[in-house]
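The values are calculated or read from the model by the stated rules, or taken from the named source; none is laboratory data. This one's a predicted model, so the numbers in the text were calculated from it and none came from an experiment. Backbone-built Cβ (ideal geometry, glycine too); neighbour counts: all protein chains shown.
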Amino acid sequence: MDYRVDVCEVTPQALLRLPRELRADRLGEDIAAGMRELTATVQRAGLTATGAPSITFPDHSAEGVVIADFGVPVEPAPTLSLRSGAEVVIAPGTLVARTCHRGGYAGLDAAYRALEAWISEAGYRVSGPPSEVYLVGPDEVSEARRLITEIRVPVEPSPAIAVLLDTPFAETVSLTREALRQQGFDVIAEVDMRATLRKELGEQVEEYLILGVCNPRLASRALAEDRQAGLLLPGNVVVRTVDSGTMVEAADPDVLVRATGHHGLYPVADEARRLLVAAIEALRAPTAHSQHGT
C-alpha cells in the first residue's frame, strides 16, 4: 500500500482522556474494551463527542504492557467521577505528520514505517508519542478492509538538512565532499568521532564523520556584517551510518543565525541554506551516484 503523508496543525481541543493498560498478548481485546469504556464514560458524563476516538501511546511501559491514553474530542463542561480514571483536558495545538491506513490493524506497521521514513527525509523530527485516530472503527464496519485509521506523530522542524542514502559510508563521504565543492564549500576541518571515542574512551560507535565546511564568499559577507559571526563558523556536516543506510546531515544556518537574533546575518544564512539544500539534493539524485562510479 502506498501511503501519502502530510503535515498539518492540530488545533487545541477539549479531550476526554482515559488511561488503560494494553497487554501485548491481548491487544485487540483490550482496545475493544477501552473503546467501550470510553463511549460509556462520555454517555455517563453527559458529554457530546465531537470527533473520532483515538489512542495515544506514551513512552512509559512495563514488560508486555503499555499504558495508553484512550481519548475522544468533546464539548467541554463535564462532571466526571474520580473513580472512572477519566478526565477532560485541553490538548494543546501541535504540528503532526499524518497518514491513513486502510484495512486491518495487522498492517499498521507498514504505515508507521512509511511515516517514519517520510519524517526523516522531509527534515522533521519526532516531538511526542504517536496517536491512532479511528476514523472508521470496528464498531462501524464488519469487514477489516473497510477500516480507516489515521496515524498522527507530533513533529517539529529539524535543525538539520538531511538525506538518507543507501550507498556505503566511504562512498557517501566522497559524494558529500564533491556535492559541497560544487556549491562553493571548502572542507576546512574533519573529525572522525568513531576513531576519537575509541582512542580516548574505548567506546565503540558507528562510523561517524564531522566535516567543518566554509563558503569563503559567504564567510566574508558574514564577517563584514558582524566580526562575531566567526563563532558560527565553520558549519558542520555529519556523515554517519544508520541501520537503513548512511545519513548525511547539515546544520541549518537559518536555525543557528535566527537563534542569535542578528537580523543583519539573515540574508547570509538564507543563501548558505539554499546552497546546502542544493548539495543535499544533489546527493539524493541518482545521477550523482552513477557519475561518481564512472
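Of the residues that make up segment 75-96, is at least one of a type in the set (D, E, K, R) and either closer than 25 Å to MET1 by Cα or modelled with pLDDT of 90 or more (or both)? Scanning segment 75-96 turns up no residue that is of a type in the set (D, E, K, R) and either closer than 25 Å to MET1 by Cα or modelled with pLDDT of 90 or more (or both). Being of a type in the set (A, V, I, L, M, F, W, C), closer than 22 Å to ILE119 by Cβ, in a strand (DSSP E or B) and not assigned by the TED database to the domain that holds ARG125 is the requirement here; does VAL238 meet it? The answer is yes for VAL238. Of all positions in segment 239-253, none carries a residue that is more than 17 Å from GLY123 (Cβ to Cβ) and more than 21 Å from the chain's Cα centre (by Cα).
In segment 247-294, which residue that is polar (S, T, N, Q) and in a helix (DSSP H, G or I) is modelled with the highest pLDDT?
Among those residues, the one meeting the criterion is THR260.
For segment 255-287, give me each residue that is among the basic types (Lys, Arg) and buried (at least 17 other Cβ atoms within 10 Å of the Cβ).
The one that is among the basic types (Lys, Arg) and buried (at least 17 other Cβ atoms within 10 Å of the Cβ): ARG273.
Of all residue pairs spaced 6 or more apart or on separate chains, those with beta-carbon atoms under 7 Å, a first member in segment 199-222 that is farther than 17 Å from VAL238 by Cα and assigned by the TED database to the domain that holds GLY264 and a second member that is in a helix (DSSP H, G or I) and small (Gly, Ala, Ser) are LEU218/ALA272; ALA222/ALA229. Among residues of segment 108-130 being of a type in the set (D, E, K, R) and within 10 Å of the chain's Cα centre (by Cα), the one that is nearest to PRO154 (Cα to Cα) is ARG125. If you filter segment 160-204 down to residues that are in a helix (DSSP H, G or I) and of a type in the set (Val, Ile, Thr), you find that the one that is surrounded by the fewest Cβ atoms within 10 Å (Cβ to Cβ) is THR196. Take the conditions touching a helix residue (DSSP H, G or I) at 6+ places or on another chain (Cβ under 8 Å), closer than 30 Å to VAL277 by Cβ and without any contact (Cβ under 8 Å) to a residue 60 or more places away in the chain and apply them to ILE151. Does it pass? So ILE151 fits the description; yes.
Do the conditions hold for ILE67, that is, is it modelled with pLDDT of 90 or more, on the phi < 0 side of the Ramachandran plot and within 25 Å of the chain's Cα centre (by Cα)? Spelling it out, it is not the case that ILE67 is modelled with pLDDT of 90 or more, on the phi < 0 side of the Ramachandran plot and within 25 Å of the chain's Cα centre (by Cα).
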